[in-house]
Amino acid sequence: MRVRIGAQFVALACAWGSSFLFIKIGLEGLTPAQVVWGRLVLGAVALCVVMAVTRGRIPRDPGIWLRLSVVSVLLCVVPFLLFSWAEQHLDSGMASILNATTPLLTLAVGAVALAGERLGRRGTAGLLAGFAGVLVLIGPSGLAGGQLTAVLACLGATSCYGVAFVYLRRYVTPLGLPAVSVAFVQVVIGAALMLVATPWLAEPAPRVDARIAVAMVALGALSTGLAYLWNANIVQAWGAVNASAVTYLTPVVGVTAGVLLLGEQLTWNQPLGAALVVAGIVAAHGGPVRGRRTKEERETAQPVAEAGAGRPG
């Protein structure tokens, strides 16, 4: 059991970390919106298979679907569009590092929106360190051209993740729905929204070769579909806080994949900025823990942990 969950943890880190590589390849023949269309439609198909195999329960309450529609827009449609647009101007490795700011922005949103989640000195220090890392990532060269706008788009995407996780905590988590069912509904809703928009996304005509097709299938089926199943299993076995350690690995996978497979250049400020971001996460809520936690400790750690453990790459 332990080996199987460990293998799924590694697979999850690889799936979410390499999603930025797949986006970059998809953009070789598709527009950003077409990339998101393929990602969500293929992800929905994969999760349909998962739900059929696991005999997952589909919620029937219209109120639940309405709440999950909000989650779908904030957790899938808008951030996926922003990241896809941004990668026209940024390396995939840079985008993967910026994606790691999700726990920090979730912490900031939670401090504002959730009673009892106010920032202490440790949380404030973590936020400051993380955002210092973002400034180092931008660097002097990032202030010119469209790169700064692309960085802001990535931060807008992770801010959407932050708002979505706080919304999940307040309005969805109390319902006690299975994680896979929540993932299924939100991805299906996102796919439906993109399908409705298909007539407006058809131009310019997409160019799909074998390389792009493989990247899109991997992005949809693995990084957006099966990754949710692996994530749900890991959270169930290890807890959300331990599962959130995937946050530390996805930038490493993203940068490595970009350098080795796309020939992207690793600049001095990227590892330094990434180290500051990860240090900020650790300072804000601590690293993975071992052993059992009390109910109160688990609830206190949950908002930031969900940002790492429940976040699509």
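The values are calculated or read from the model by the stated rules, or taken from the named source; none is laboratory data. Just so we're clear, the structure is a prediction, and the values are computed from it rather than from any experiment. Heads up, the Cβs are rebuilt from the backbone with ideal geometry, glycines too, and the neighbour counts pull from every protein chain shown. Accessible surface areas use protein heavy atoms only, side chains included; no ligands, DNA or RNA. Shrake-Rupley method; radii C 1.70, N 1.55, O 1.52, S 1.80 Å.
Summary of computed values
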item: Positions within the range 214-228 being aliphatic (A, V, I, L, M) and open to solvent by less than 40 Å² (accessible area, probe 1.4 Å), in sequence order; result: A215, M216, A218, L219, A221, A227
item: Positions within the range 28-63 being in contact with a Ser or Thr (Cβ under 7 Å, 6 or more places away or on another chain) and farther than 16 Å from A221 by Cβ, in sequence order; result: P32, G56, R57, I58, P59
item: When residues of the range 89-117 are limited to those that are among the β-branched types (V, I, T) and open to solvent by 10 Å² or more (accessible area, probe 1.4 Å), the one modelled with the highest pLDDT; result: V109
item: Scope the range 256-275; condition modelled with pLDDT of 85 or more, crowded, with 16+ Cβ neighbours inside 10 Å and among the small types (G, A, S); matching residues; result: A257, G258
item: Residue satisfying all of: in the range 186-205; surrounded by 19 or more Cβ atoms within 10 Å (Cβ to Cβ) and not hydrophobic (A, V, I, L, M, F, W, C); modelled with the lowest pLDDT among these; result: Q186
item: Candidate set: the range 10-40, residues that are over 17 Å from the mean Cα position of the chain (by Cα) and of a type in the set (V, I, T); chosen: the one farthest from W85 (Cα to Cα); result: I25
item: Single unsatisfied condition, T149 versus (1) among the β-branched types (V, I, T); (2) modelled with pLDDT of 85 or more; (3) under 18 Å from L74 (Cα atoms); result: (3)
item: Criterion: at pLDDT 80 or above, in a helix (DSSP H, G or I) and either surrounded by fewer than 16 Cβ atoms within 10 Å (Cβ to Cβ) or of a type in the set (A, V, I, L, M) (or both) - qualifying residue of V253, V235; result: V253
item: Some residue of the range 192-214 being under 22 Å from the mean Cα position of the chain (by Cα), of a type outside the set (A, V, I, L, M, F, W, C) and assigned to a helix (DSSP H, G or I); result: no
item: Matching option when the condition is modelled with pLDDT under 95 and at positive phi, among R55, R60; result: R55
item: The one condition in (1) open to solvent by 50 Å² or more (accessible area, probe 1.4 Å); (2) under 29 Å from L262 (Cβ atoms) that A183 fails to fulfil; result: (1)
item: Hey, Y161 assigned to a helix (DSSP H, G or I), among the aromatic types (F, W, Y) and buried (at least 17 other Cβ atoms within 10 Å of the Cβ) or not; result: yes
item: Residue in the range 66-88 that is farthest from the chain's Cα centre (by Cα), counting only those that are crowded, with 24+ Cβ neighbours inside 10 Å and aliphatic (A, V, I, L, M); result: L68
item: Leading residue by the ranking (least open to solvent (accessible area, probe 1.4 Å)) among those in the range 164-179 that are in contact (Cβ under 8 Å) with a residue 60 or more places away in the chain and assigned to a loop (DSSP other than H, G, I, E, B); result: L177
